[in-house]
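Undergrad: Encoded as structure tokens, here's the structure I'll be asking about.
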Amino acid sequence: MPIKTTPADFVAWFRSVAPYVNSFRGKTFVIAFGGEMVADGKFLELTHDFNLLAALGIRLVLVHGARPQIEQHLARKNIEDSYHLGIRRTDTETMQCVKEAVGRVRVEIEALLSMGLANSPMANADIRVAGGNFITAKPIGVINGVDLQHTGSVRKVDVAALNDRMEFGEVVLLSPLGYSPTGEVFNLTLEDVATATAIALDADKLVFLMDTDGVQDNKGQLIRELTVSQARTVLSAQDTRPDDVSLFLPCAIRACEAGVARAHLVSRHTDGAILQELFSDEGIGTMVVESTLNTLRDASIEDVGGILQLLRPLEEQGILVRRSRELLEREVERFVVLEHDHRIVGCAALYPFLDEASAELACLAVDAQCRDKGYGEAILNHMAELAKQQGLKKLFVLTTRTAHWFLERGFVESDVTALPAQKKSLYNYQRKSKVFVRKI
Ligand code: ARG
């Protein structure tokens, strides 16, 4: 625990992880990392994280690469690296180097995963590593007249065998090699092995460790979340991007489209990046999902706790009027909530005044961590639609601090006289809220 962490922080943080511990148990994660992880001496920290994931009952398939090691072997033997359209051509001599390099990396990884040093995160660790002929490959063949020889792609993944290993609590380690029914060995890419395996296993997560922090937008800002269609747009809109993004983002898309629940692209340079990505709501890299994780729906009694959590900070700052839990429980059916990834991040309530054909929009709140995503606007539009469906003509809000937000969205300032009679009689003259009205 870092020296500066207070016990209270530690406890709060540990508790915040509980929902993930529960939801990840028994789930299958495929995690892919390049040979650089081992070459740079960074693998030890990563084994600590794998150890933790395995200890939490997550079924793990690790896929390693060996590019720098292969290049080293080739250089040592004076064999020229040969690429065609970005794909390595593997002739018989090169294949020999590939086998040697992959074998060495694998042994190093297995050794580190076997550590059980006292006073280290690996104390009492009992990781059993499984390997085998799980991947059947086929040759890529001849492209534009160039025979890629022993370079292959995944043809079949032996799902039953992998499941057997994981059933026994073993961590599967896959190398970027595949075998053919005729007894040949093929040189595969780690991203192909990882993606095909995640799809075949119907994995819950596919994680790529890479050189950048994730996918960035045109301004260089990290994009934290992408739906498959947004990811496609990113790929077609950018003409240049880091190599890793070009390699892994299409794989993430392919996996999510084929039913893998989530794909994550995270930095290999940040110690503990996997833990931060998996055990926090906002993550640290880019997460790709099939379709949006947002749902806007009517609130129910189970949502009262979440709504309270959202409103309390705003009430404390005096932005919203305080509402008791009892009041919320009584009036919860007036609320809608916006959920992101099963967490309530926004809400609002609608109080219709049928006689005056108007409705009050109250308690519009968005989680501070989720600002600037258009959530407030989405809720506002939804409420306006709901009011319209009830035949109402006007929406009004009472606010002390957020006037400009409503003005920018078509509301005009009015005064107390514009309020429905019943609301007027309850108006709090001390609070001096301003009244804003919008036609709907
Ligand atoms: N921890 C959650 C998960 O693993 C959410 C991660 C969100 N990550 C992100 N880059 N937006 O599914």
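The values are calculated or read from the model by the stated rules, or taken from the named source; none is laboratory data. Owing to the predicted nature of the structure, the values given are computational and were not obtained by experimental measurement. Cβ coordinates were reconstructed from backbone atoms using ideal geometry, including for glycine residues, and neighbour counts include every protein chain displayed.
Undergrad: Only one residue in E339, E329, E282 is in contact (Cβ under 8 Å) with a residue 12 or more places away in the chain, under 30 Å from V21 (Cβ atoms) and assigned to a helix (DSSP H, G or I), so which one is that?
TA: None of the other options fit; the residue is E329.
Undergrad: Kindly provide the set of residues from region 271-287 that are more than 9 Å from the ligand (Cβ to nearest atom) and of a type outside the set (D, E, K, R), ordered by number.
TA: G272, A273, I274, L275
Undergrad: Then there's this: Inside region 352-374, can you point out the residues that are free of Cβ contacts under 8 Å to residues at least 60 places away in the same chain and either under 29 Å from G391 (Cα atoms) or part of a strand (DSSP E or B) (or both)? Lay out the reasoning, then the answer.
TA: Going residue by residue through region 352-374, those that are free of Cβ contacts under 8 Å to residues at least 60 places away in the same chain are 352, 354, 357, 359, 361-368, 370-374.
Selection gives P352, L354, A357, A359, L361, A362, C363, L364, A365, V366, G374.
Undergrad: Would you say S291 is within 16 Å of the ligand (Cβ to nearest atom), in contact (Cβ under 8 Å) with a residue 24 or more places away in the chain and surrounded by fewer than 18 Cβ atoms within 10 Å (Cβ to Cβ)?
TA: Yes; evaluated as a whole, the condition is true for this residue.
Undergrad: Taking only region 374-384 into account, find how many residues are of a type outside the set (S, T, Y), surrounded by 17 or more Cβ atoms within 10 Å (Cβ to Cβ) and under 24 Å from the mean Cα position of the chain (by Cα).
TA: Matching residues across region 374-384 total 2.
Undergrad: State whether the residues of region 334-344 include one that is within 13 Å of the ligand (Cβ to nearest atom), over 30 Å from F43 (Cβ atoms) and of a type outside the set (D, E, K, R). It would help to see each step written out before you state the result.
TA: Looking only at region 334-344, we keep the residues that are within 13 Å of the ligand (Cβ to nearest atom), and these are 340-343.
If we keep only those that are over 30 Å from F43 (Cβ atoms) as well, we get 340-343.
Of the ones still in play, those that are also of a type outside the set (D, E, K, R) are 340, 342.
Looking through region 334-344, at least one residue is within 13 Å of the ligand (Cβ to nearest atom), over 30 Å from F43 (Cβ atoms) and of a type outside the set (D, E, K, R).
Undergrad: May I pose another question? What residue, among those in region 154-172 that are out of contact with any Phe, Trp or Tyr (no Cβ under 8 Å at 6 or more places or on another chain) and part of a strand (DSSP E or B), is surrounded by the fewest Cβ atoms within 10 Å (Cβ to Cβ)?
TA: Ranking the candidates gives K156 first.
Undergrad: To continue, here is another question. Name the residues in region 255-270 that are more than 6 Å from the ligand (Cβ to nearest atom) and not in a loop (DSSP other than H, G, I, E, B), would you?
TA: If the condition is that a residue be more than 6 Å from the ligand (Cβ to nearest atom) and not in a loop (DSSP other than H, G, I, E, B), then A255, C256, E257, A263, H264, L265, V266, S267 are the ones that fit.
Undergrad: Given the conditions (1) in contact with a Lys or Arg (Cβ under 6 Å, 6 or more places away or on another chain); (2) in a helix (DSSP H, G or I), and given that H404 satisfies all but one, which numbered condition is not satisfied?
TA: Answer for H404: the failing condition is (1).
Undergrad: Sort out which residues of region 226-240 are outside any helix (DSSP H, G or I), surrounded by fewer than 21 Cβ atoms within 10 Å (Cβ to Cβ) and either within 14 Å of the ligand (Cβ to nearest atom) or without any contact (Cβ under 8 Å) to a residue 12 or more places away in the chain (or both), and write them in order of number. Give the derivation first.
TA: Here is the first cut: in region 226-240, the ones outside any helix (DSSP H, G or I) are 226-227, 238-240.
This time we only want the ones that are surrounded by fewer than 21 Cβ atoms within 10 Å (Cβ to Cβ), so: 227, 238-240.
Scanning region 226-240 gives T227, D239, T240.
Undergrad: Identify all residues within region 176-211 that are in contact with a His (Cβ under 9 Å, 6 or more places away or on another chain) and surrounded by fewer than 21 Cβ atoms within 10 Å (Cβ to Cβ); write none if there are none.
TA: The answer is E184, V185, D211.
Undergrad: Go through region 1-54 and give me each residue that's of a type in the set (K, R), surrounded by 10 or more Cβ atoms within 10 Å (Cβ to Cβ) and within 16 Å of the ligand (Cβ to nearest atom).
TA: Residues satisfying the conditions are R25, K27.
Undergrad: On to the next question. Given the criteria among the aliphatic types (A, V, I, L, M) and surrounded by 17 or more Cβ atoms within 10 Å (Cβ to Cβ), does V146 qualify?
TA: On the way: among the aliphatic types (A, V, I, L, M): yes; surrounded by 17 or more Cβ atoms within 10 Å (Cβ to Cβ): no.
So V146 does not fit the description; no.
Undergrad: Contact list please: Cβ distance under 6 Å, first residue in region 194-209 and over 13 Å from V154 (Cβ atoms), second residue more than 13 Å from the ligand (Cβ to nearest atom) and in a helix (DSSP H, G or I), pairs at least six apart or on different chains.
TA: The qualifying pairs are L206/A198; L206/A255; F208/F248.
Undergrad: Okay, moving on. Looking for whichever is closer than 30 Å to D211 by Cα and at pLDDT 95 or above here; the options are I307, I301, I274. Which one fits?
TA: That would be I274, the only listed residue that is closer than 30 Å to D211 by Cα and at pLDDT 95 or above.
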